[in-house]
Amino acid sequence: MDPDAVAKAFVDHYYSTFDANRAGLANLYQEGSMLTFEGQKIQGSQSIVAKLTSLPFQQCKHNITTVDCQPSGAGGVLVFVSGTLQLAGEQHALKFSQVAL
């Protein structure tokens, strides 16, 4: 398993799905998954997707700047992503970062 290839495939799939159909992210989360969003902790696939689909914008485009990864001790891959988020109708992009395990 090449961690860089796994990370790139995951990031490409995650953000293209997020930008096109946030509800489609449900199968990427488990009931033990946790999302921390602006200090709020949200657990479980349904709750996470409910949060993501309730964000106050309908269209967006993620532009990925960096994807850093390393194998985790649990047999998975730890992925750190940074970039910008362009919202429809907005002149300036927002910076973002995300960690996934």
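The values are calculated or read from the model by the stated rules, or taken from the named source; none is laboratory data. The shown structure was predicted, so the numbers you read here are calculated from the model rather than taken from an experiment. Here Cβ is always computed from backbone atoms with ideal geometry, including for glycine, and neighbour counts include all displayed protein chains. The accessibility values were calculated without ligands, DNA or RNA, using every heavy atom of the protein model including side chains. Shrake-Rupley method; radii C 1.70, N 1.55, O 1.52, S 1.80 Å.
The figures follow:
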item	result
³J(HN,Hα) computed for each position of region 47-53 - Karplus, 6.51 cos²θ - 1.76 cosθ + 1.60, integer Hz, glycine/proline x	5, 5, 5, 4, 5, 5, 6
Relative contact order [Cα under 8 Å, 6+ residues apart], the chain, whole percent	22
Accessible surface, the chain, averaged per residue in Å² (probe 1.4 Å)	65
Chymotrypsin sites (Phe, Trp or Tyr not before Pro) within region 23-80, DSSP loop, no more than 12 other Cβ atoms inside 10 Å	57
Fraction of accessible area attributable to carbon and sulfur, the chain (%, probe 1.4 Å)	52
Calculated from backbone phi, Karplus (6.51, -1.76, 1.60) coupling profile of region 76-88 in Hz, x at Gly/Pro	x, 10, 8, 10, 10, 10, 9, x, 10, 10, 9, 8, 4
The chain - convex hull of alpha carbons, volume per residue in Å³	103
Amide proton proximity set for residue 33, modelled H, under 5 Å, gap of 5+	44, 45
